[in-house]
Protein chains: 2
Amino acid sequence: MPIVRVAVTLKPSLLDSAGRTVAGSLDKLGFHEVSSARIGKLIHLEVDRFDPERIKEMCEKLLANPVIEDYSFEVVE
Amino acid sequence: MPIVRVAVTLKPSLLDSAGRTVAGSLDKLGFHEVSSARIGKLIHLEVDRFDPERIKEMCEKLLANPVIEDYSFEVVE
C-alpha cells in the first residue's frame, strides 16, 4: 500500500517560537553555524490508493490549519 | 545560505499514539482509505555551510532522541 508523506509547516511570515528556541539551544551547544530553525510536522499516511484530491482534503480538514500553515505531500513508497 | 531539512520519526517498532489518534479521526471524517498514520517532526535549519557530520551531531545531541527516534536529513536549498 502506498505511503504518503505530508509535510506541514508554519507559514514563513509567522514567528516560530519553538524553532527559535531550538536555534538558541543549538547555538548554546556550540553549533554557531545555525542561523535559524523552523519546526513542522511530518505525517506518514498508509493509504489503500493515492488520490491527491483526497490527501488535499485531509490536509484542509484535519492535518493542517490552512490559516497559519502550509502543506505539501508526496508518495514515498 | 543552505537550508537543511531534518526529518525525525519514531522508530517503526514503537507505538505512535498520536498517529493512531490521527488515523482514527481521519476514519471518522470518512477517509476510510487511511489504514495508519505516524507523526514525526520536520526541522528546517538555515546554516552557514552544510556539513553532514555537524548535522548528525545536532540530531544526536538535541533534535532527535536516538533511543526511540530515527532521523534523516538533506539539503533542500
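Please treat every number below as a calculation from the coordinates, not as lab data. Note that the structure is predicted; figures quoted are calculated from it, not measured. Don't worry about glycine lacking a Cβ; one is built from the backbone with ideal geometry, like all the others, and counts go over all protein chains shown.
Between helix B:17-28 and chain B, what is the angle of the helix's C-alpha long axis to the longest principal axis, kept within 0 to 90° and rounded to the nearest 10? Roughly 50 degrees between the two axes. Counting, for every residue in A:15-23, the Cβ atoms of other protein chains within 10 Å of its Cβ and taking the mean gives 2. Counting Cβ atoms of other protein chains within 10 Å of each Cβ in B:41-51 and taking the mean gives 6. Based on Cα contacts under 8 Å between residues 6+ apart, chain A shows a relative contact order of 54 percent. Using a cut-off of 22 Å between Cα atoms, the listed pairs A:28/B:61; A:11/B:56; A:56/B:56 include A:11/B:56; A:56/B:56 as exceeding that distance. Averaged over the residues of A:70-76, the number of partner chain Cβ atoms lying within 10 Å of the residue Cβ comes to 0. Each residue in A:21, A:9 was given a count of other beta-carbon atoms within 10 angstrom of its own, and listing them fewest first yields A:21, A:9.
Taking amide H atoms as placed 1.01 Å from N in the peptide plane, the amide H of residue B:36 lies under 5 Å from those of A:46, each 5 or more residues away in sequence or on another chain. Taken one residue at a time, the phi angles of segment B:43-54 give Karplus couplings (6.51, -1.76, 1.60, θ = phi - 60°) of 10, 9, 10, 9, 10, 5, 8, 8, 10, x, 5, 5 Hz. Gly and Pro are set to x. Computed from the Kirkwood radius of its Cα pairs, the Stokes-Einstein diffusion coefficient for the protein assembly as shown at 10 °C and 1.306 mPa s stands at 97 µm²/s. Using +1 at the C-beta of Lys and Arg and -1 at the C-beta of Asp and Glu, which of A:6, A:75, A:36 has the Cα lying farthest in the positive direction of the dipole of chain A? My answer, from the dipole projection, is A:36.
Sorted from shortest to longest, the distances between the residue B:56 label points of this copy and the other copies are 4.1 nm, with each point 7 Å from Cα along the line through the beta carbon. Working from label points 7 Å from Cα in the Cα-to-Cβ sense, the residue B:72 to residue A:53 distance is 3.0 nm.
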